[in-house]
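Okay, so here's the structure we're looking at.
The values are calculated or read from the model by the stated rules, or taken from the named source; none is laboratory data. Note that the coordinates shown come from a computational prediction; the quantities given were computed from them, not determined experimentally. All Cβ positions, even for glycine, are placed from backbone atoms using ideal geometry, and neighbour counts span all protein chains on display. To get the accessible areas, we keep the full protein, side chains included, count just its heavy atoms, and leave off ligands, DNA and RNA. Shrake-Rupley method; radii C 1.70, N 1.55, O 1.52, S 1.80 Å.
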Amino acid sequence: MADKPYPASKELYHRALQTIPTASQTFSKSAMMYVEGTAPLFAERGEGCYLWDADGNRFTDYVLGLLPVVLGYQDPDVDLAIKNQLARGITFSLATALEAELAEILVEIVPCAEKVRFGKNGTDATSAAIRLARAYTGRDRVAVCGYHGWQDWYIGSTARHLGVPKAVRELTSTFTYNDANSLAEVLAGRQGEFAAVILEPMTAELPKDGFLQAVKALTHEHGALLIFDEIITGFRMSLGGAQEAFGVTPDLATFGKAMGNGMPISAVVGRAEVMDLMADIFFSGTFGGETLSLAASIATIMKLMATNAISRIQGVGDQYMTAIKAQISDHGLNEYFQVVGQNWWPSLQPKENVRFDNNFTTSLLRQELVAQGLLYLNTFNLCLAHDDEEITRQTLQSTDRALARIAGALSSNRPEDSLMGPPIEPVFQVRQNPGSANKSNG
Ligand SMILES: Cc1ncc(COP(=O)(O)O)c(C=O)c1O
């Protein structure tokens, strides 16, 4: 069913495999994400919301580098800020004023932020926050909910824990989103031993009434610190993150992804009394103050504010959600597919059903959306450049065509023949979604 052969991608894949295990630096950008032969594997360039692959095919990109690109590829204002900084130098022997400038912006817009430190990856920020909480409380255990990066303290709690010492794994417990009792049980099981509770304040599911408040109360009752991992919600759900949107202020919070429109930058922010311990723990690296990313982040946040980007992106999300729900109905697919999430991060995904395995429907959906020119994993990752009537029209025409082909495949005698290769397998699943679609991470 997929129409494009992707010869240059295939050649690059085989070449890269000779020197790079999995031929990618990121699971979620690797060949593991797509049905073999039905999707591009290598990018050549990006502009606005478009990505060109190694074969010269243009896709409307709904992956956006796994969410960093919030304005669009090659945003002129962000690129100008990078170029201006490049003319002065990149990584210096001393701190620069840019660090204070960006820290002051975050203190202004993020409710819990009194002090700030920067990192490069989201994992830098979550791991620094956990070390800080352990130092502050003098305790070792952490409770986690969601995805928090590749370091031992978190990844040891998932099925992909190969290489993580058992002693480290034993210090991390998981609890269930929207189930405060599950957290209460975890904390009560080891009274006085938890340093931190870290969670994604929201993913596909909205927090139930009182859930975040209950998590905060329980965490503090047990003498632990509350950390919101806002690496996805930050600069997308609202400028000040989910903590601003839901009115629940944590002790610490972590940001990354969208804060630099694609440049590698992350931040841990929080209460001054806790953050001041940064002077005593060790969170210190060569590139923490790298200036191109700091300049890009300042320009990104300024542009998000100046263009009202967050609500414009959410307007696009609203249109997609309404239209795609209707398309699913029109094609008689209500039993198999659904639209979930919120307007800032909508998701068209399979529904648990008795006829088809989730990996099969996930694979078929991805194969057919890519065949229609939409680069898509599990969610519509949106950017300001998507806010364009023609792009919306073309995208919704593509989703309609993909769903029509899927409906045809599912009602045929041999639906399994419609998949051009073996179904994809999730790297692992950490988020509970309504309808429990696959979410792979990293
Ligand atoms: C909520 C959340 N926290 C942490 C991370 C880790 O960020 P990074 O991959 O930049 O280290 C991610 C990455 O997907 C994430 O989604």
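Side notes on the structure shown:
- The conditions of being modelled with pLDDT under 95, at negative phi and aliphatic (A, V, I, L, M) are not met by residue 217.
- Sole residue being modelled with pLDDT of 95 or more, in contact with a Cys (Cβ under 6 Å, 6 or more places away or on another chain), on the phi < 0 side of the Ramachandran plot and polar (S, T, N, Q), chosen from 249, 307: 249
- Test: residue in the stretch 148-163 that is over 26 Å from residue 286 (Cβ atoms), within 16 Å of the ligand (Cβ to nearest atom) and among the charged types (D, E, K, R): yes
- For residue 185, the conditions (1) in contact (Cβ under 8 Å) with a residue 24 or more places away in the chain; (2) not in a loop (DSSP other than H, G, I, E, B) all hold with the exception of (1).
- For the stretch 255-266, the count of residues that are on the phi > 0 side of the Ramachandran plot, away from the ligand (no atom under 13 Å from the Cβ) and either not in a helix (DSSP H, G or I) or not basic (Lys, Arg) (or both) is at least one.
- Residue ID - most open to solvent (accessible area, probe 1.4 Å), chosen from residues in the stretch 73-97 that are without any contact (Cβ under 8 Å) to a residue 12 or more places away in the chain and among the charged types (D, E, K, R): 83
- Contact map, the stretch 142-165: residues that are within 19 Å of residue 180 (Cα to Cα) paired with residues that are within 13 Å of the ligand (Cβ to nearest atom) and modelled with pLDDT under 95, Cβ distance under 7 Å, separation 6+ or inter-chain. Pairs shown: 146/203; 146/430; 146/431; 147/430; 147/431; 147/441.
- For the stretch 60-103, the tally of residues that are in contact with a Cys (Cβ under 9 Å, 6 or more places away or on another chain) and among the polar types (S, T, N, Q) stands at 1.
- Any hit, the stretch 98-117, residues being within 12 Å of the ligand (Cβ to nearest atom) and open to solvent by 30 Å² or more (accessible area, probe 1.4 Å): no
- Some residue of the stretch 237-246 being open to solvent by 10 Å² or more (accessible area, probe 1.4 Å), of a type outside the set (Asp, Glu) and part of a strand (DSSP E or B): yes
- Test: residue in the stretch 326-345 that is over 23 Å from the mean Cα position of the chain (by Cα), part of a loop (DSSP other than H, G, I, E, B), small (Gly, Ala, Ser) and surrounded by fewer than 21 Cβ atoms within 10 Å (Cβ to Cβ): yes
- Applying a threshold of 7 Å to beta carbon distances and a minimum spacing of six or more residues, or different chains, the list of pairs starting in the stretch 118-130 at a residue that is in the same structural domain as residue 151 (by TED's automatic domain parsing) and within 8 Å of the ligand (Cβ to nearest atom) and ending at one that is among the aromatic types (Phe, Trp, Tyr) and open to solvent by less than 20 Å² (accessible area, probe 1.4 Å) reads 125/255; 126/154.
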